[in-house]
Amino acid sequence: MTTLSNDQPIPGDPSAPPSAPPIAPPIAVVILAAGKGTRMKSDLHKVLHPIAGRPMLLHLVASAATLHPAKTVVVTGAGRAQVEAAVAPLGIATALQAEQLGTGHAVAQARAALAGFEGDVLILYGDVPLVTAATMQRMIDRLHGDDTPAVIVLGFRPAEPGAYGRVIADAAGRMDRIVEYKDASAAERAVTLCNSGLMAVRSTDLFALLDRLGNDNAAGEYYLTDIVGLAGEDGRASAVIETGADEVAGVNSRGELAGVERAWQATRRAQAMADGATLIAPDTVWFAHDTVIGRDVVIEPNVVFGPGARVADGATIHAFSHVEGATVGAGANVGPFARLRPGADLRADAKVGNFVEVKTAIIGKGAKVSHLTYIGDADIGAGANIGAGTITCNYDGYFKYRTVVGDGAFIGSNSALVAPVTIGAGAIVAAGSVVTQDVEADALALVRPLQVARPGWAARFREKMAARKAAR
């Protein structure tokens, strides 16, 4: 190995060991969630309204978490108690913006929570929930470009620019300034590149720039966007990167909430099909944020997945079924018009048919619950058959009790299994039975009164009643 006089390898020497890659600066995430959200007309804080079954704020937190931020701070204001309760289980810090004095003022409230932090700061908005981790990473990467920009702004080009702030930049993305719509000239309003509000800034720059903000503008607010101009006054350029309008869609009303839900669902449906599932009518299938769908799964029209649903390879979910907190095994068959509630666990090749509800129950391999049945708090063995109209009577008004049906057992139609009760393997319960005691394996349980027939009784009854009616 060639060395210098101090025994260090010569740079570029092919015999030298490879150098370690540079260590990336830590990342902090600041999420603004202090707005009142009055247009939602809701007692629930705006950022806690769900998209795909998860509060929109937590969508954003989850995406940012994949970047492994050293710190995450949520800036709260109106309705702070709700927001603080939502993020407390995640160990996320909060900072209070007591007065709504603009976005720059809001970010400044995170100063104490970021005390001692040195690295890159991502500034996000709790009501802009669909920003991906990949886009966040692009912002960070651009911050460390060769031209060392002071601020990175995420821009987009909406179909209707409307009242968005305009990004004034050259063709290479080097920014001059951001102009709020209220303060923009006619020429500036003609610009189609708009400001999403999302930024990436080094911590060493952020609060120094914020301290210089003024509020001499049409709204009398401290605009975060003004830090771009302040950096320019120092001779430091900023840069913009672009993304699609759907990714930075904000939510300020119920209509916009529905629009963001629609965009999220469209992306998820496309991903499910790309991963090998068949969606016969994609626009009618609704996923939750954590739905897991295997390969060769067939999903018919008008199926809704709530949180916690997992569907294994080769299963079929027939039309108008609802699956939440449930597991559907390989090759299993669900619906149509079935409801799988939390704790439902269908094993391989099991069948749950039309108008069947299953809750906190295992449906064993190859077992069939074909129609008009309620199975709650139960273990149904492999190959068992549950007849139409059967119910497990699992609740006495105070406590829940479990029903166990053994492998290969046959439960006749219209039976009531009063828990706690066990039906042995291979046993048969006759149709119409009310079973209150355990049934041995391979036994017949017949729990109903003997049938009595009275020949001619019906004819005599009709004759008698017809005569009585005629006499009135």
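The values are calculated or read from the model by the stated rules, or taken from the named source; none is laboratory data. Because the structure is predicted, anything quoted here is derived from the model rather than measured. Cβ coordinates were reconstructed from backbone atoms using ideal geometry, including for glycine residues, and neighbour counts include every protein chain displayed. Just so you know, the surface numbers come from the protein's heavy atoms only, side chains and all, with ligands and any DNA or RNA stripped out. Shrake-Rupley method; radii C 1.70, N 1.55, O 1.52, S 1.80 Å.
From the list A312, A330, A348, the one residue that fits, being within 11 Å of G294 (Cβ to Cβ), open to solvent by 30 Å² or more (accessible area, probe 1.4 Å), out of contact with any strand residue (DSSP E or B) (no Cβ under 8 Å at 6 or more places or on another chain) and not acidic (D, E), is A330.
Quick one: which residue in S433, S370 is free of Cβ contacts under 8 Å to residues at least 40 places away in the same chain, open to solvent by less than 50 Å² (accessible area, probe 1.4 Å) and over 28 Å from G314 (Cβ atoms)? Break it down stepwise before answering.
On the way: S370 fails: over 28 Å from G314 (Cβ atoms).
Unique residue meeting the criteria: S433.
If we keep just the residues of the range 239-279 that are of a type in the set (S, T, N, Q) and open to solvent by less than 40 Å² (accessible area, probe 1.4 Å), which is nearest to L193 (Cα to Cα)?
T243
Of the residues making up the range 250-262, just one is small (G, A, S) and at pLDDT below 95, namely G250.
Within the range 113-137, track down each residue that is closer than 25 Å to P55 by Cβ and either in a loop (DSSP other than H, G, I, E, B) or open to solvent by 60 Å² or more (accessible area, probe 1.4 Å) (or both). I'd like the intermediate steps shown before the answer.
At the first step, the residues of the range 113-137 found to be closer than 25 Å to P55 by Cβ are 113-114, 121-137.
Those that are closer than 25 Å to P55 by Cβ and either in a loop (DSSP other than H, G, I, E, B) or open to solvent by 60 Å² or more (accessible area, probe 1.4 Å) (or both): A113, L114, G126, D127, V128, P129, L130, V131, T132, A134, Q137.
The one condition from (1) open to solvent by less than 20 Å² (accessible area, probe 1.4 Å); (2) not in a loop (DSSP other than H, G, I, E, B) that D176 does not meet is (1).
Only residues that are part of a loop (DSSP other than H, G, I, E, B) and either touching a Phe, Trp or Tyr at 6+ places or on another chain (Cβ under 6 Å) or under 30 Å from V405 (Cα atoms) (or both): list them for the range 443-460, please. Answer for the range 443-460, where residues must be part of a loop (DSSP other than H, G, I, E, B) and either touching a Phe, Trp or Tyr at 6+ places or on another chain (Cβ under 6 Å) or under 30 Å from V405 (Cα atoms) (or both): A443, L446, V447, R448, P449, L450, Q451. For the range 354-367, a residue qualifies if it is in contact with a Leu (Cβ under 6 Å, 6 or more places away or on another chain) and surrounded by fewer than 19 Cβ atoms within 10 Å (Cβ to Cβ), and exactly one does: F355. Being in a helix (DSSP H, G or I), open to solvent by 20 Å² or more (accessible area, probe 1.4 Å), more than 20 Å from A245 (Cα to Cα) and among the hydrophobic types (A, V, I, L, M, F, W, C) is a property that holds for A187.
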